[in-house]
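Okay, structure first, notes after.
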Amino acid sequence: MIENKVMSLDEVEIGEKYFKCEFTFSNGNLLLDDITFDSCIFKQDDFSLADILDCTFINCDLSNFLFNESNIYRTKFKNDRLLGSSWIGANLKDIKIEACQGDLSNFSAAKITKSVFSDTALQEAYFQDVEFKNQIIFDHCNIDAIDVTNTKLKQVQVASSSFSAISFSPELMKGLQLNIQQGMIILNALGLDVKD
């Protein structure tokens, strides 16, 4: 484990763990492979077009970071600040976002495959035109005012999460797994007056 060091992102090593390190800018396309970043600081906030494979980010502030058009596979974000982060057009496969603060994040036009959002705040997050594949789970998340317009919601689970409003495309709701209370919210949004 490497601790309390200042270094360039170009200097990170495959399979290494970094604790309370500070990372300066990369000089080229970013490739992170099998690396753990715990309580680290990143001076570079643009990870667009990066390849991030088998990594773990713990207790990192990634607010307003750009992950646009990145390939992120088998990676875990735990207890991170992801406020306002942008994942537009990213390819996310088998990722887990757990206990993170991700309000106002933008995942529009991303491809998200077999991934879990757990105990995470995603209020007013954008998931427009997203391609969800192979079971997407929002487990105990706050997804209030989330926007999933133009996104097929088949195999998406939100039943354990909470929201009081949601923006969606009615014709693409088929297959969404939700609870009864959420169903009532959806019906009300469609203009139906449901009585007990």
Item checked: Residue order, fewest to most surrounding Cβ atoms within 10 angstrom, among Lys133, Lys96 -> Lys133, Lys96
Checklist line | Stretch gain in nm, segment Ser8-Ser164, where the contour uses 0.36 nm per residue and the Cα spacing is subtracted | finding: 51.8 nm
Margin query: How many angstrom lie between the Cα centre of segment 152-196 and the Cα centre of segment 96-146?
Written below: 16
Checklist line | For Arg81, Arg74, order by how many other beta-carbon atoms lie within 10 Å, fewest first | finding: Arg74, Arg81
Next item on the list: Excluding residues on the same chain fewer than 8 positions from Lys17, give the lysines whose Cα lies under 25 Å from its Cα.
Entry: Lys5, Lys43, Lys76, Lys78, Lys93, Lys96
Notebook entry, point to check: Each residue of segment 51-61 in order: what ³J(HN,Hα) in whole Hz does its phi give by Karplus 6.51 cos²θ - 1.76 cosθ + 1.60, θ = phi - 60°, with x for Gly and Pro?
Noted result: 10, 10, 10, 6, 9, 9, 10, 10, 6, 10, 9
Next item on the list: Give a residue-ordered list of calculated ³J(HN,Hα) values for segment 111-125 (Karplus: 6.51 cos²θ - 1.76 cosθ + 1.60, θ = phi - 60°; whole Hz; x for Gly, Pro).
Entry: 10, 10, 10, 6, 10, 10, 10, 10, 6, 10, 8, 10, 4, 6, 7
Notebook entry, point to check: What's the Kirkwood radius of the chain in Å, using all Cα pairs?
Noted result: 17.2
Next item on the list: Please give the contour-minus-distance gain from Asp45 to Ala99: 0.36 nm per residue of separation, less the Cα-Cα distance, rounded to one decimal in nm.
Entry: 17.4 nm
Note to self: Within a 10 angstrom radius of the beta carbon, how do Tyr126, Tyr73 rank from fewest other beta carbons to most?
What the structure shows: Tyr73, Tyr126
Notebook entry, point to check: Between Phe132 and residues 5 or more places away or on another chain, which pairs have amide H atoms under 5 Å apart, with H built 1.01 Å from N, and which residues are they?
Noted result: Ile112, Lys152
Notebook entry, point to check: In degrees between 0 and 90, to the nearest 10, how far off the longest principal axis of the chain does helix 180-189 point, with axes built from Cα atoms?
Noted result: 80
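Each reported figure results from applying straightforward, stated rules to the coordinates on display, with no laboratory input. These numbers were taken from a predicted model, which means no experiment stands behind them. Here the Cβ is made from the backbone with ideal geometry for all residues, glycine too, and neighbour counts use every protein chain on show.
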